[in-house]
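Let me begin by presenting the structure, written as structure tokens, before commenting on it.
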Amino acid sequence: MVEKFPKEFLWGGAIAANQVEGAWNVGGKGLSVADMASYKSNLSVSDYAGHNKVTLESIEKASLDNSDDIYPKRRGIDFYHHYQEDIALFAELGFKTLRLSIAWTRLFPTGEELEPNQAGLDFYTKVFEELKKYEIEPIVTLSHYEMPLHLSLKYDGWYGREVVTHFVRFSEACFTHFGSYVKYWLTFNEIDSITRHPFTTAGIIPERFADDKLEEAIYQALHHQFVASALATKSCHAIIPNSQVGCMITKLTTYPHTCNPSDVEKALYQNLNFNFYSDVQVFGKYPVMIEKLFERKGIVIKMEEQDREILKESPVDFISFSYYMTLTESTDPTLERVAANTAMGVRNPHLSETEWGWQIDPKGLKISLMELYDRYKKPLFIVENGMGARDTVEEDGSIQDPYRIAYFREHFKAMAEAIEMGVDLIGFTSWAPIDLVSASTSQMSKRYGFIYVDQDDDGNGTLERKKKASFDWYQNVIKTNGNELD
Ligand code: BGP
């Protein structure tokens, strides 16, 4: 039989600290931007402080509130106290890898301390020990939507150049303390998302900037993240022999809505823009067309003398990305647009979608893989892919989720096809192997896991973990290295 996936393929799942750990005020942890995101089931979506609704007023209110009542990311799924049980379930699934992030505020509560907090180091050491026990290779994101709130308030988040130094100190502490456990590192989760939700991604509080200066501030902050990412990459290579550092982007491949050249042109602009973030981290320089665009828009990025050299010196080793959907673009303003995964595009009539409007497109994954590999010629790693859905616990306690199985099956077929075409795909981590708090809506009811967690949107429930029908299916996929998908 011809193998569909490479022998060493890294199958696994992905989680992020702020969406699973809980224990938001335990062990000396400081407040992070994620602790400010509110949600309550009886509030209308427009009322809660999610990705784009955070204001100085909502931050003040959240800072004074010592409960997790309307702040679901403060409770997560209590992975902090359930990590052994959860990792045992991941091991039972047969995971070769687990992607997780380190909460900056557990190690550096305000971001400005000079030495890491011991309780934070101890927690992650225990997690890595547990993974080692099952020979699960960790892949660690340094920054996944959880920067210290203090840095956001004091420096306007990543807009302030000072944050680069604080981030590099945090990264180096991670490399020094966890380097014996972790070979694969990612610097910034979905670094491009800074333009869509600047507070969550970079601690920027929009009202602090004049309307006509906000975009420039966002790109300035992004520049600081690029520099910090390159500096962290350099340190990682110096501190951990054989380490591999990846960038992480949201892959939002955009099709022209029609073959009208204007639509093709519009889609091209969109794709150039989406590729910008990985271009800088892979090629070590800003793309010419983006610099021209900034010029036209009057956006001036303040760069220090050595910045271009720093970017050039330390490109990433591989490209990782999340893939949930594709978009289409058109110049026709009357067409219906969909908002999904915080991005906007014209609805594609050929695709179905999840209840949250994310359009399902397995072929788009194959297309994206081929396009990325052709562009960068570096190994690719899919570090997020999955579908948010409402699951029902049946009377007999079982959870039947054929839609999730169907979703993954088609995406895995697309991956196999891309590999057959010659794409160097080294791994796949599902988002997420276990139900967790949604990044964009803070809901629990938007479930992604193979493992169900008994907790509702308001935090009621026993936190009991239960296997869904998809659990057995994914276990068999991993066992057969993707050869048995049906
Ligand atoms: C990505 C984020 C994740 C994750 C996922 C699903 O953008 O990196 O943190 O949550 O999307 O999004 P959501 O939780 O909003 O459904």
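Between E395 and E3, residue separation times 0.36 nm minus the direct Cα-Cα distance comes to 137.1 nm. Identify the GluC sites (Glu not before Pro) of region 100-149 meeting these criteria: DSSP loop state and at most 14 other C-beta atoms within 10 Å of the C-beta. Of the GluC sites (Glu not before Pro), the ones in loops of region 100-149 whose Cβ has at most 14 other Cβ atoms within 10 Å are E135.
So the label point goes 7 Å from the Cα of M303 along Cα→C-beta, right? Which residues of region 260-287 then have their backbone N under 15 Å from it? Hits in region 260-287 for M303 at 15 Å: 277, 279-287. In this structure, the amide hydrogen of L10, modeled 1.01 Å from its nitrogen in the peptide plane, lies closer than 5 angstrom to those of G427, F428, counting only residues at least 5 positions away or on a different chain. Take region 1-42, drop everything but the C-alpha atoms, weight them equally and run the Debye formula without solvent; then report log10 I(q)/I(0) at 0.13, 0.14, 0.28 Å⁻¹ to two decimals. Calculated log10 I(q)/I(0) at the listed q: -0.53, -0.57, -1.08.
All other residues whose Cβ lies under 13 angstrom from that of Y134 are scored, Lys and Arg at +1 and Asp and Glu at -1, for a net of -4.
By the count of neighbouring beta-carbon atoms within 10 Å, fewest first, S58, S41, S438, S262 end up ordered S41, S262, S58, S438. Annotation for A238 and K312: the two label points, set 7 Å from Cα along the Cα-Cβ direction, are 1.9 nm apart. Of the peptides 332-342, 64-74, the order by per-residue mean of other Cβ atoms within 10 Å, starting with the highest, comes out as 64-74, 332-342. Sparsely packed loop sites in region 1-38 (the GluC sites (Glu not before Pro) outside DSSP H, G, I, E and B with at most 16 other Cβ atoms within 10 Å) comprise E3, E8. Residues W11, W104 in ascending order of nearby Cβ atoms (within 10 Å, fewest first): W11, W104. Under 1.5 on a/c is rounded, so check that first for region 271-416, then, if it is not, pick prolate when a/b is larger than b/c and oblate when it is not; a ≥ b ≥ c are the square roots of the alpha carbon gyration tensor eigenvalues. Taking the square roots of the gyration eigenvalues as a ≥ b ≥ c, region 271-416 is prolate.
With a simple spin-label model that places each label point 7 Å from the Cα along the Cα-to-Cβ direction, the separation between S262 and S352 comes to 3.4 nm.
What is the local net charge at A406, summed over the other residues whose Cβ is closer than 13 Å to its Cβ (Lys, Arg +1; Asp, Glu -1)? Here the count lands on 0.
Just so you know, all these numbers are worked out from the coordinates, no wet-lab data involved. These figures come from a predicted structure and were not determined experimentally. As a convention, Cβ positions derive from the backbone with ideal geometry for all residues, glycine included, and neighbour counts pool all protein chains shown.
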